[in-house]
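Enquirer: Have a look at the structure that comes next, please.
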Amino acid sequence: MSPQNTTLCCMLSVLGLALCTTYSDEAKAQNTQTQATYAVVEPPECTNDKGENIRFIDSNKGRAGMATGMAIRDQNGKPVVIRSNYANTPPEFQSFIDRHECAHHQTGDVDRPHPPRNSSAHLMNESISDCVAILRIRDEEGYDRAGFLKVATALRNEMAKIGFPEISISSRISNIDNCYTEYGSPQDFIDGVLKQRGLI
Ligand SMILES: [Zn+2]
């Protein structure tokens, strides 16, 4: 991994790579064999806090069968989201990952020093991106409670595939449920984060 890549913020990295090692090759083979495939959704609009347009790039890198996203600047310094193995997760969750990664650009995470993996600051960044993602899906796609549950179910399945413990899964779902139920527009939420960070 290049130094640039080590600063990536990766979907489902909330509790770190150590947990990934609990995922055996045997389980991986079984999952890959039984993996359903889905059409890949169109990416959403995405502009960062500096007004730059974010490009979404489809890739099949990363762990086979694992749908993930990464928010980074490419070698030319352009902001991008790398989408990996999206066909392996339902469209509702593809949309969630896109918006989660976009939020790392919108809130300035990508251009700020990256906090240590699993630090409270890192977990906070992930919670913020999850929150923006569910608010955007709610307001842009009109997801009702049934739609929310589809996202939550897919999130649960993806985290379970990697071997996250129940407490991590339920606390992440509880966070997006709270955002979905309690919060106003995604832009207001993003503006609040940017203000707190002194970025606007
Ligand atoms: Zn993230």
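Enquirer: Quick one: in the range 117-153, which of the residues that are in contact (Cβ under 8 Å) with a residue 60 or more places away in the chain and more than 16 Å from the ligand (Cβ to nearest atom) is surrounded by the fewest Cβ atoms within 10 Å (Cβ to Cβ)?
Expert: Filtering first and then ranking leaves GLU140.
Enquirer: Spot the failing condition for SER174; the list is (1) exposed (fewer than 15 other Cβ atoms within 10 Å of the Cβ); (2) within 16 Å of the ligand (Cβ to nearest atom); (3) small (Gly, Ala, Ser), and only one is missed.
Expert: (2) is the only condition that SER174 fails.
Enquirer: Kindly list the number of the only condition in (1) assigned to a loop (DSSP other than H, G, I, E, B); (2) more than 16 Å from the ligand (Cβ to nearest atom); (3) modelled with pLDDT of 90 or more that fails for ASP58.
Expert: Here ASP58 clears every test but (1).
Enquirer: Of (1) buried (at least 16 other Cβ atoms within 10 Å of the Cβ); (2) in a loop (DSSP other than H, G, I, E, B); (3) among the basic types (Lys, Arg), LYS50 satisfies all except one. Which?
Expert: Failed condition: (1).
The values are calculated or read from the model by the stated rules, or taken from the named source; none is laboratory data. Small disclaimer: the values here were computed from a predicted structure and weren't measured. For neighbour counting, all protein chains shown are included, and Cβ atoms are generated from backbone atoms with ideal geometry for every residue, glycine included.
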